[in-house]
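In what follows, a single structure is set out as structure tokens and then discussed.
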Amino acid sequence: MSMTFVEKILAKYAGEKNVVPNQIVTVHPDHLLTHDNTAAIIQKIKPELKEYGVCDKSLSIIVLDHVIPAASEKTATNHKVIREFVRTHNIGNFFDVGAGVCHQIVVEKGLALPGKLLLGSDSHTCSYGAVGAFSSGIDRTEAASLMLTGETWLKVPNSIKMTLSGKLKLGVSAKDVVLHIIGDISASGANYCSVEFHGDVGQFSIEERFTVANMGVEMGAKNAVFLVDDVTKKYLGSIGISGSSYDPIYPDGDASYMQELEYDLSGIVPMVACPHTVDNVKPASEMDGLEIQQCLIGTCTNGRFSDLKIAADILKGKKISPNVRLLVLPASKKIYQDALRAGVIETLVESGGVVLPPGCGPCLGAHQGVLAPGERCLSTANRNFKGRMGCKEAEIFLASPATVAVSAIHGKITDPREVIKK
Amino acid sequence: MKVWKYGDNINTDMLFPGKYTYTCSTAEEIKPHLLEDLDSSFSKQVKVGDIIFAGKNFGCGSSREQPVIGLKAVGIKAVVAESFARIFYRASINQGLLLIECPEAVKAYSKGDNIELDVDNGKIIVSGKMFSFPKLPEEILAIRDAGGLLAYTRSKLKKK
Ligand code: SF4
């Protein structure tokens, strides 16, 4: 029987020969990701943890990233409780304040590998499709149960095949591609589905694939995946992982898809997602001139070295508008160090940027760059929901690092192709 | 019983603002902030047995179970929507909050209509018109019948 990527991987983890969409299977994931919410998760199962312990100390990956350094006594206490839990249960994959955003850490440390299955109590867990893994978000209670038992159920989703063909034009990036797709199919266009990317995807680096897979959940997808190719193998080699330590999964050529969509990359232009939904996208050129007060370059969507470098190349020798704050948020310590060594951070600071510690920062509105009523922020993050950055009377616009950097100079939303000409 | 009616893409930040996610986790802490940025009257006026009607993609966005815990705690009998986002759907199964995916019922509803629910037979009656919704799979009903996922897991651990 022919199967899609998700059917094959769920069959493998369920120990079945075949599975079909809507079938419910029992799986034992390779890893479970939790972050600052670990404190609330373990609180739910305090007596059980005491009695039974965790089912497998290598299951959990815990990263402190959402509110770091702690912003209040309450968040500091959460972190403390988590550190105690990690010590008591001997959790090896623990990353304390300053390591980076959880999803970046999982990929960067080689914890998500081709053909593996990961679940996480964070909606952007779908990011690891960038390296050919199946990964999906779950709720806190499910995570608590997994810590105790190591197993859960998954419903086999339908699959959508997206074929990307052609080459991107100068000044257009993977972020614009995914915003364009979400605008096309809507914020619920892939609800409950597994999205597979096919076609001329060899031109996308792992960093760019990460950006696209990360936003799979913004179209409602259960998971989003780029199939393993030379780019994946080379990336994994670069972080010290040999080809013998993973087993890629490929869909059958004649697998059946619920929907097949094609996108011509050469026709995509820089896009902006306007308030307050991610599918409210417009070409950046149509938004040209809209004043902004804050710019953010970072998050698990676009806080990688190449993102910071693109911004630095645009901002080199220039100053941002005096009417704008530019927040820079490297997605991990490693990225921060690479950017320091390459002079990227110096350029960004010189131009007026404020560097925040590697983590989620203002992305979820808890601290570090909360907006005031009436303000607009242009951000490289993945969500522009009302109130997301801590103020319901503020507006969030999403765009690529290039669009944000060019716009920071003008203090207004600006199509980056005005600057990136060759 | 009151019906609260909302539109499409009601996301987790509207249901429970992200800024409280690391400071509120118990039902009592959550209740006053429910739907805060969507409908400030909700948390003050909601009563046990009320129903929510909504459009497409209800609960999209973050993995945030506070709204589920909160809606269950204030006594929401069911959320009837055209469709739900999957993490929210799963969280609701795990907390025992009843979600009914029934676009026809949502489209048929207008303000003031009388609603009757027959969960066991998968029927919802909107102002005299009856609509069916599919039964949940066995595996999921087992979690619901146990009183939520943690109760289910506890009973499994005990059996081991
Ligand atoms: S950077 Fe933002 S979207 Fe990414 S994990 Fe952190 S809070 Fe979530």
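The values are calculated or read from the model by the stated rules, or taken from the named source; none is laboratory data. Fair warning: this is a prediction, and the values are worked out from it, not measured in the lab. Quick reminder, even Gly has a Cβ in these numbers, built from the backbone with ideal geometry, and neighbours come from all protein chains shown. The area values use the complete protein model at the heavy-atom level, side chains included, leaving out ligands, DNA and RNA. Shrake-Rupley method; radii C 1.70, N 1.55, O 1.52, S 1.80 Å.
List the helices (runs of 4 or more DSSP H) that sit entirely inside the stretch B:75-160 and contain at least 1 residues that are in contact with a helix residue (DSSP H, G or I) (Cβ under 8 Å, 6 or more places away or on another chain).
Answer list for the stretch B:75-160: B:86-95, B:138-146, B:149-159.
Restricting to the stretch A:248-273, what's the tally of residues that are assigned to a loop (DSSP other than H, G, I, E, B) and either open to solvent by 90 Å² or more (accessible area, probe 1.4 Å) or not aliphatic (A, V, I, L, M) (or both)?
Residues flagged as assigned to a loop (DSSP other than H, G, I, E, B) and either open to solvent by 90 Å² or more (accessible area, probe 1.4 Å) or not aliphatic (A, V, I, L, M) (or both) within the stretch A:248-273 amount to 10.
Name the residue that is nearest to A:K392 (Cα to Cα), counting only residues in the stretch A:359-368 that are in a loop (DSSP other than H, G, I, E, B) and open to solvent by 10 Å² or more (accessible area, probe 1.4 Å).
A:A366
Please identify the pairs in which a residue from the stretch A:343-369 that is of a type in the set (A, V, I, L, M) has its Cβ atom under 6 Å from the Cβ atom of a residue that is within 15 Å of the ligand (Cβ to nearest atom) and assigned to a helix (DSSP H, G or I), counting only partners at least 6 apart or on another chain.
Filtered contacts from the stretch A:343-369: A:V344/A:L308; A:L364/B:G18; A:A366/B:K19.
Hey, can you tell me all the residues within the stretch A:172-187 that are surrounded by 22 or more Cβ atoms within 10 Å (Cβ to Cβ), out of contact with any Cys (no Cβ under 7 Å at 6 or more places or on another chain) and part of a loop (DSSP other than H, G, I, E, B)?
Correct list: A:V172, A:S173.
Table: residues versus (1) in contact with a strand residue (DSSP E or B) (Cβ under 8 Å, 6 or more places away or on another chain); (2) open to solvent by 20 Å² or more (accessible area, probe 1.4 Å).
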{"site": "A:H35", "(1), (2)": "yes, no"}
{"site": "A:A39", "(1), (2)": "no, no"}
{"site": "A:Y52", "(1), (2)": "no, yes"}
{"site": "A:P69", "(1), (2)": "no, yes"}
{"site": "A:K74", "(1), (2)": "no, yes"}
{"site": "A:V101", "(1), (2)": "yes, no"}
{"site": "A:G110", "(1), (2)": "no, no"}
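Within the stretch B:107-160, work out how many residues are within 11 Å of chain A (Cβ to nearest Cβ), touching a Phe, Trp or Tyr at 6+ places or on another chain (Cβ under 8 Å) and modelled with pLDDT of 90 or more.
3
Considering only the stretch A:280-300, how many residues are within 16 Å of the ligand (Cβ to nearest atom) and within 14 Å of chain B (Cβ to nearest Cβ)?
2
Please name all residue pairs, on different chains or six or more residues apart, with Cβ atoms under 8 Å, provided the first residue is in the stretch B:90-115 and is at positive phi and the second residue is not hydroxyl-bearing (S, T, Y).
B:G96/B:K72; B:G96/B:R144; B:G96/B:G147; B:G96/B:G148
Within 14 Å of chain B (Cβ to nearest Cβ) and not polar (S, T, N, Q): which single residue out of A:G353, A:G359 fits that description?
It is A:G359.
For the stretch A:204-243, how many residues are out of contact with any strand residue (DSSP E or B) (no Cβ under 9 Å at 6 or more places or on another chain) and among the charged types (D, E, K, R)?
Total meeting the criteria: 6.
What is the one condition in (1) under 21 Å from A:P358 (Cα atoms); (2) within 12 Å of another protein chain (Cβ to nearest Cβ); (3) in contact with a strand residue (DSSP E or B) (Cβ under 9 Å, 6 or more places away or on another chain) that A:N22 does not satisfy?
Only one criterion is unmet by A:N22, namely (1).
Right, A:E151: within 14 Å of chain B (Cβ to nearest Cβ) and in contact with a His (Cβ under 6 Å, 6 or more places away or on another chain) or not?
So A:E151 fits the description; yes.
Just to be sure before I move on: is B:G96 more than 9 Å from every other protein chain (Cβ to nearest Cβ), surrounded by fewer than 24 Cβ atoms within 10 Å (Cβ to Cβ) and under 27 Å from A:C193 (Cα atoms) in the structure I sent?
For B:G96, the condition - more than 9 Å from every other protein chain (Cβ to nearest Cβ), surrounded by fewer than 24 Cβ atoms within 10 Å (Cβ to Cβ) and under 27 Å from A:C193 (Cα atoms) - is met.
When you look at A:T347, is it in a loop (DSSP other than H, G, I, E, B), crowded, with 19+ Cβ neighbours inside 10 Å and more than 14 Å from chain B (Cβ to nearest Cβ), yes or no?
The answer is no for A:T347.
Here are some conditions: (1) within 14 Å of chain B (Cβ to nearest Cβ); (2) in contact with a Gly (Cβ under 9 Å, 6 or more places away or on another chain); (3) within 16 Å of the ligand (Cβ to nearest atom). A:T277 meets all but one. Which one does it not meet?
A:T277 satisfies every listed condition except (2).
What's the number of the condition A:A381 fails, among (1) hydrophobic (A, V, I, L, M, F, W, C); (2) within 16 Å of the ligand (Cβ to nearest atom); (3) farther than 16 Å from A:D307 by Cα?
For A:A381, the exception is condition (3).
Tell me, please, whether a residue that is assigned to a strand (DSSP E or B) and either away from chain A (no Cβ under 11 Å) or not β-branched (V, I, T) (or both) can be found in the stretch B:38-51.
yes
Search the stretch A:402-422 for residues being hydroxyl-bearing (S, T, Y) and not in a loop (DSSP other than H, G, I, E, B), and hand back the single one that is nearest to A:A311 (Cα to Cα).
A:T403
Which condition number in (1) part of a strand (DSSP E or B); (2) open to solvent by less than 10 Å² (accessible area, probe 1.4 Å); (3) more than 14 Å from every other protein chain (Cβ to nearest Cβ) is the one that A:H198 fails?
Just one mismatch for A:H198, condition (2).
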